[in-house]
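Q: Below is one structure. I have some questions about it.
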Amino acid sequence: MKALNQGFSFIGVTVATFIATTAIVAVFTLVNFSLSSSYLSADRFIASGLAQEGIEVVRGVRQSYADWKDWDWYSTTTPIVHPVGDTKEYCFLQYDTTNLDVVLCGSETPLLLNESGVFYQYQNGVNSGFYRKIKLTRLSEDEIKVEAEVKWQSKAGDWHSLKVQDRLLRWK
């Protein structure tokens with residue numbers, strides 16, 4: 001009679017298997033979530049740098065004029081190139097851009113990553129998956145709003161975007 005009471009019952013084994021399986025699935029789900037969050041954080045970090053670079057490129061274009069107070073976005077001479085309320089979107093802005101007239105958006109083009117994998121630009125390299133667009137809006141005779149938007153697609157296929165903005169004032 002003692003031999004019949006020894007060992008595990010079928011119900012006990014089933015419950016133990018269910019609990020162990022649930023724990024393993026929970027651990028794998030947590031690991032997967034942690035990895036996807038770290039990839040998204042890395043992409044967001046890159047996107048924030050690319051957005052800030054876009055704003056700095058516009059600053060550089062403005063400052064490249066001999067007397068940057070006469071930049072056409074601030075101009076009040078007739079005819080006014082960019083009247084108050086005017087908005088333009090620019091693509092293809094990169095570190096060496098000196099004239100915004102030649103970089104108006106047509107279609108979205110991704111930034112390219114050079115062979116060493118550390119330099120984003122539009123001339124050569126492989127598709128980085130990041131798209132940047134800069135929008136300038138003239139708010140007044142002395143103020144320009146600069147907005148930079150960077151979009152990218154995550155490994156899971158979801159689209160993400162990051163926007164930053166700054167104001168350029170004619171103060172000199």
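Q: Would you order Glu115, Glu147, Glu89 from fewest to most other beta-carbon atoms within 10 Å of each residue's own beta-carbon?
A: Glu115, Glu89, Glu147
Q: Next question, about the same structure. Rg and Dmax of segment 77-134, using alpha carbons, in Å: what are they?
A: Just the Cα atoms of segment 77-134 yield Rg and Dmax of 14.3, 48 Å.
Q: As I understand it, the value is the acute angle between the Cα axis of helix 10-63 and the longest principal axis of the Cα atoms of the chain; what does it come to in degrees, rounded to 10?
A: Approximately 10 degrees, to the nearest ten.
Q: Which Rg and Dmax, in Å, describe the Cα atoms of the chain?
A: Rg then Dmax for the chain, in Å: 27.3, 108.
Q: Just want the ordering: His160, His82, from fewest to most Cβ atoms lying within 10 Å of their own Cβ.
A: Arranged by neighbour count, lowest to highest, His160, His82 become His160, His82.
Q: Arrange the following residues from fewest to most other Cβ atoms within 10 Å of their Cβ: Leu162, Leu30.
A: Going from least to most buried by this count: Leu30, Leu162.
Q: Please list, by residue number, every one of the chymotrypsin sites (Phe, Trp or Tyr not before Pro) in segment 121-171 that is coil in DSSP and has at most 16 other beta-carbon atoms within 10 Å.
A: Details: sites: Tyr122, Phe130, Tyr131, Trp152, Trp159, Trp171; in loops: Tyr122, Trp171.
Counting only loop positions with at most 16 other Cβ atoms within 10 Å, the chymotrypsin sites (Phe, Trp or Tyr not before Pro) in segment 121-171 are Tyr122, Trp171.
We did not get these values from a lab; they are worked out from the coordinates using the rules stated. These numbers come from a predicted model, not from an experiment. Cβ coordinates were reconstructed from backbone atoms using ideal geometry, including for glycine residues, and neighbour counts include every protein chain displayed.
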